[in-house]
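Before any comments, here is the structure.
The values are calculated or read from the model by the stated rules, or taken from the named source; none is laboratory data. The structure presented is a predicted model; accordingly, all values stated were derived computationally and were not measured. Counting neighbours? That spans all protein chains shown, and the Cβs are built from the backbone with ideal geometry, glycine included. For accessibility, only protein heavy atoms count, side chains too; no ligands or nucleic acids. Shrake-Rupley method; radii C 1.70, N 1.55, O 1.52, S 1.80 Å.
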Amino acid sequence: MTGNPPHDPERGLAGDAGSAPAAGDTLEPEPPPRVGFFTDTSVCIGCKACEVACKEWNALPEDGLTLSGMSYDNTQQLGASTWRHVAFIEQSAPAAPPVPAPEGRTELPVAEAAQSAGGDGELRWLMASDVCKHCTHAACLDVCPTGSLFRTEFGTVVVQEDICNGCGYCVPACPYGVIEQRPSDGRAFKCTLCYDRLSVGQEPACAKACPTESIQFGPLDELRERAALRVDQLHQAGVSDARLYGHDPADGVGGDSAFFLLLDEPEVYGLPPDPVVTTRDLPAMWRHAGAAAASLLGGCLLAFAASSTRNGKGTRA
């Protein structure tokens, strides 16, 4: 993070004591770069360390310790008390080429054995740690009537729980279904990307706890470059289904601060294939509604004027 030189009481902000700042100097610090998450699902082992670290750091209540009966995934989805969710997706798929570890990383012998043990129709796990995407065009921000939701200097989106009035407008506005209201008081909660930790120069708790570096944190531009190199590595190794999700600034939400490397279609992971900011059409809708209201008002005025004219003629007769 860069900023102005430290204040020297003997010299002033810049130059000699009492002099004005030199040309090009500014009284405001430069904003920090936009940061986010790159989640490489190809190296996720489903340990749920990120879920535990998130709950511990943010003091989130437990939200059910019973198994769903459908998989080993007991949290099932993101919610008001689950800001990180590790999905367990069980697939029966043709034998796939082994997934190479990122450069400089040691491959797990267990993973190698599992990949070489099967044949056609072998069982495989797809594991992915999901989180709020912190969209560039965030519909939750557009619809919040109290200002509880705001965008931080890091480009992330945060809910201020002490300002939230529990209206719930943000819940249907989110194209990913991330935000949820807590049943106990109706207020909305979601991942803050550990705003309190970012403010003091620390990385988010989930990224800090991830043992395989599946969750990578840093400046968004650097993460996008790193992700593109990783996809190229997988494609060269024969993993043709590897793809990035949420990285494109030209997509329907302007790109996400939390994007993913997936090994199958987004729908397999419970992600919308082509998310669009849900408030995209609001300006046009308001224009059409205004035009309709104006037309209705004009019609009423014309009808009133015509009625007055007829009544006036009848009185003179």
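Probe 1.4 Å, all protein chains in place: accessible area of Glu222 in Å², nearest 10?
100 Å²
Would you work out which of Phe260, Pro204, Leu220 lies farthest towards the positive end of the dipole of region 177-275? Charges go on Cβ: Lys and Arg +1, Asp and Glu -1.
Farthest towards the positive pole: Pro204.
Is region 113-249 best put as rounded, prolate or oblate by its Cα gyration tensor, with a ≥ b ≥ c the root eigenvalues, rounded for a/c under 1.5, and otherwise prolate when a/b is larger than b/c, oblate when not?
Details: a/c = 2.26, a/b = 1.83, b/c = 1.23.
Because a/c hits 1.5 or more and a/b exceeds b/c, region 113-249 counts as prolate.
Which cross-chain or sequence-distant (5 or more) residues have an amide H under 5 Å from the amide H of Cys135, H modelled 1.01 Å from N in plane?
Ser257
What dipole magnitude, in Debye to the nearest 20, does region 159-262 give about its Cα centre under +1 on Lys/Arg Cβ and -1 on Asp/Glu Cβ? Walk me through the intermediate numbers first.
Values: 9 positive and 15 negative charges, 37 e Å.
Charge dipole of region 159-262: 180 debye, to the nearest 20.
Given 0.36 nm per residue, what is the gain on full extension from Glu153 to Val276 after removing their alpha carbon distance, in nm? Walk me through the numbers on the way to the answer.
Numbers: separation 123, 0.36 × 123 = 44.28 nm, distance 2.37 nm.
Net length gain for the segment: 41.9 nm.
Mind jotting down the distance between the C-alpha centroids of region 255-279 and region 42-70, whole Å?
Result: 21 Å between the Cα centres.
For Met70, Met127, what's the largest-to-smallest order of accessible area, 1.4 Å probe? Spell out each step's value before the answer.
On the way: Met70 160, Met127 35 Å².
Greatest to least solvent exposure: Met70, Met127.
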